[in-house]
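The values are calculated or read from the model by the stated rules, or taken from the named source; none is laboratory data. On a predicted model such as this, the values are computed, not experimentally measured, just so you know. Neighbour counts run over all protein chains shown; Cβ positions are idealised from the backbone, glycine included. Areas reflect the complete protein model, heavy atoms only, side chains present, ligands, DNA and RNA absent. Shrake-Rupley method; radii C 1.70, N 1.55, O 1.52, S 1.80 Å.
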Amino acid sequence: RSAMSPAAVARGLALAALLVLSPAGATRQARRPNVVLILTDDQDVCLGGMTPLKKTNALIAQMGITFLNAYVPSALCCPSRASILTGKYPHNHHVVNNTLEGNCSSKLWQKIQEPYTFPALLKTMCGYQTFFAGKYLNEYGAEDAGGVGHVPPGWSFWYALEKNSKYYNYTLSVNGKARRHGENYSVDYLTDVLANMSLDFLEYKSNFEPFFMMISTPAPHSPWTAAPQYTKSFQNVSAPRNSNFNIHGKNKHWLIRQAKTPMTNSSIQFLDDAYRKRWQTLLSVDDLVEKLVKKLELNGELDNTYIFYTSDNGYHTGQFSLPIDKRQLYEFDIKVPLLVRGPGIKPNQTNKMLVANIDLGPTILDIAGYDLNKTQMDGMSLLPLLRGDKNVTWRSDFLVEYQGEGYNGSDPTCPGLGPGVTHCFPDCVCEDSYNNTYACVRTLSTSWDLQYCEFDDREVFVEVYNLTADPHQINNIAKTIDQEILEKMNYRLMMLQSCSGATCRTPGVFDPGYRFDPRLMFSNHGVRARRFSARSL
């Protein structure tokens with residue numbers, strides 16, 4: 001294994017020596033729980049994404065709690081990761097897509113949001129030692145934003161991947177110094193490198209402070225490079241042929257309608273291959289989880305450590321004839337795995353409450369004993385749900401928002417589609433466009449399982465799904481649902497799109513405490529759509 005640098009070890013030892021001088025403080029701090037957050041990249045839950053992770057299931061899910069309704073407020077890496085770090089919806093952290101122009105790891109993000117992320121508060125206000133390893137934000141390391149020399153505030157140990165997920169031939173920022181890796185499996189395969197660095201941290205860290213670790217794997221993101229021992233796994237596996245696979249997305253936004261149905265044989269072969277390779281890459285994540293849990297147990301720290309396992313967004317493979325990607329509003333893209341084990345969590349539980357990744361920051365700060373009223377976070381602490389508290393008042397809806405990527409010029413391979421499309425496949429099926437810009441209220445109450453979405457395009461297109469009757473979101477009921485529900489949902493969407501902090505946690509449309517005043521409705525739909533577009537830039 002690659003050992004930590006002598007400087008890092010010395011720093012840890014110096015810290016330990018300082019803390020020994022005040023044993024009372026050290027003892028008090030040592031009792032506070034440690035936290036580990038494992039974040040995968042593009043791992044779905046709707047299409048079997050957790051199936052390959054047998055060890056993770058045994059070591060985290062069966063020893064703790066599985067949230068069956070865990071979501072992300074934006075189905076794309078950078079906005080979603082920014083929501084995890086800040087505890088905020090995209091309209092409040094202003095990271096709208098994976099580009100520097102979309103505020104992904106930009107100078108503005110570094111100045112306005114990074115100092116107030118939950119790891120920064122853990123380190124400065126709660127006295128935690130903090131460790132990051134893996135993919136941070138897609139544009140991290142960009143020369144225009146400080147390069148790999150930029151180490152965000154809040155991290156005691158920083159091993160961050162430059163730019164987007166890779167498995168070989170990448171650069172890491174090791175506490176601000178660039179370290180280049182090649183393609184030798186035994187020393188360079190990124191998932192294993194992250195595992196080894198994590199074990200080294202647990203070996204050399206100070207034992208007088210609680211710790212927080214965030215391990216962010218490349219798997220199962222493209223290019224789906226499996227470890228050599230796993231390249232023959234799952235040979236007979238193919239993408240699930242569920243009821244929305246390879247069908248025309250009728251009554252949907254134009255971007256979905258433009259997908260060619262049925263898909264070509266080569267497209268289906270491509271997505272089946274991708275599905276298989278994604279599973280193969282996850283086997284190394286499963287090994288990482290096992291090594292980590294064993295090391296925590298060996299150190300005698302497992303019983304005082306919360307372990308969270310989740311993903312930054314879901315994924316699709318052939319749904320509505322879109323070959324592969326994320327960034328759409330449907331369950332397969334916005335729903336993610338969320339497993340948690342730790343002190344006070346009973347084993348083998350499931351929870352159906354509606355939770356989102358904006359809840360992770362508040363939860364971890366709550367675990368650390370920080371007063372959440374001092375934060376500007378939009379999410380809620382999951383700690384009452386983790387402990388199994390009775391009569392917890394919880395949310396019944398949350399906001400999904402995405403600002404499409406796209407360019408003024410036409411895609412050179414698909415000039416017939418006109419300007420504004422991006423992520424196009426050889427047969428001119430495109431996965432995104434600049435007006436694939438939408439916002440949704442996702443509702444899960446005792447009486448309703450509903451999704452209401454509006455697009456910021458010339459049509460101001462609306463999609464509504466009753467997931468009780470139509471779990472695969474095939475039938476858009478926007479034109480047939482009760483008009484009063486439509487009006488209430490439109491109003492609730494406006495409220496959530498301008499919410500901040502506590503106002504993001506007000507009662508939803510079907511909650512007893514909900515108040516609706518039709519006089520507050522905008523008479524012009526377009527006013528709201530333009531407001532959304534302008535504010536999210």
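Data table
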| item | result |
| --- | --- |
| Where Rh is the Kirkwood radius over Cα pairs, Rg/Rh for segment 72-111 | 0.90 |
| Only Lys, Arg (+1) and Asp, Glu (-1) charged, at Cβ; the chain dipole about Cα centre in debye | 880 debye |
| Extended-chain gain in nm, criterion 0.36 nm per residue less alpha-carbon gap, Thr264 and Val392 | 41.1 nm |
| Inter-probe distance in nm under a simple model that places probes 7 Å from Cα toward Cβ, at Arg257 and Lys346 | 5.1 nm |
| Virtual paramagnetic centre 7 Å along Cα→Cβ of Asn184, amide N under 19 Å, in segment 215-232 | 227-229 |
| Average silhouette area of the chain, convex hull of alpha-carbon atoms, in square nanometres | 24.2 nm² |
| Cβ-derived FRET efficiency at R0 30 Å, Gln110 paired with Tyr168, nearest 0.05 | 0.60 |
| Relative contact order (percent, whole number), the chain, Cα cutoff 8 Å, 6+ residue spacing | 20 percent |
| Accessible area expressed per residue, the chain, with surrounding protein chains retained (probe 1.4 Å, Å²) | 39 Å² |
| Whole-angstrom gap from segment 131-174 to segment 191-240, using each part's C-alpha centre | 16 Å |
| Net charge of Cβ neighbours under 9 Å - reference Ser445; Lys, Arg +1; Asp, Glu -1 | -3 |
| Computed accessible area, Thr446, all protein chains, 1.4 angstrom probe, square angstrom | 150 Å² |
| Residue pairs, from the table Lys88/Lys295; Lys294/Lys335; Lys54/Lys294; Lys107/Lys177; Lys111/Lys135, whose Cα atoms sit over 23 Å apart | Lys88/Lys295; Lys294/Lys335 |
| Net dipole in debye of segment 401-510 [+1 Lys, Arg Cβ; -1 Asp, Glu Cβ; about Cα centre; nearest 20] | 400 debye |
| Arg515 paired with Glu487, simple spin-label distance in nm, labels 7 Å along Cα-to-beta-carbon | 1.8 nm |
| Angle in degrees between helix 525-535 and the longest Cα principal axis of the chain, rounded to the nearest 10 | 30 degrees |
| Cα shape, segment 206-290, gyration tensor, a/c 1.5 rule | oblate |
| Burial ranking of peptide ranges 494-507, 348-361 (average Cβ count within 10 Å, highest at the top) | 348-361, 494-507 |
| Antiparallel %, DSSP beta bridges [both residues in segment 34-386], to 5 | 40 percent |
| Computed E for Lys54/Thr422 - FRET, C-beta separation, R0 45 angstrom, nearest 0.05 | 0.75 |
| Helix-only CD estimate at 222 nm, as mean residue ellipticity for the chain, using -39500 (n - 2.57) per DSSP H run (n ≥ 4) | -8500 deg cm²/dmol |
| Ratio Rg/Rh [Cα only; Rh per Kirkwood] for segment 401-510 | 1.06 |
| Estimated vicinal HN-Hα couplings, Hz - segment 296-302 in sequence order (Karplus 6.51, -1.76, 1.60; Gly, Pro = x) | 4, 5, 4, 7, x, 10, 4 |
| Per-residue ³J(HN,Hα) for segment 154-170, Karplus 6.51 cos²θ - 1.76 cosθ + 1.60, θ = phi - 60°, Hz, x for Gly and Pro | x, 10, 6, 10, 10, 10, 10, 6, 6, 6, 8, 4, 9, 10, 9, 6, 10 |
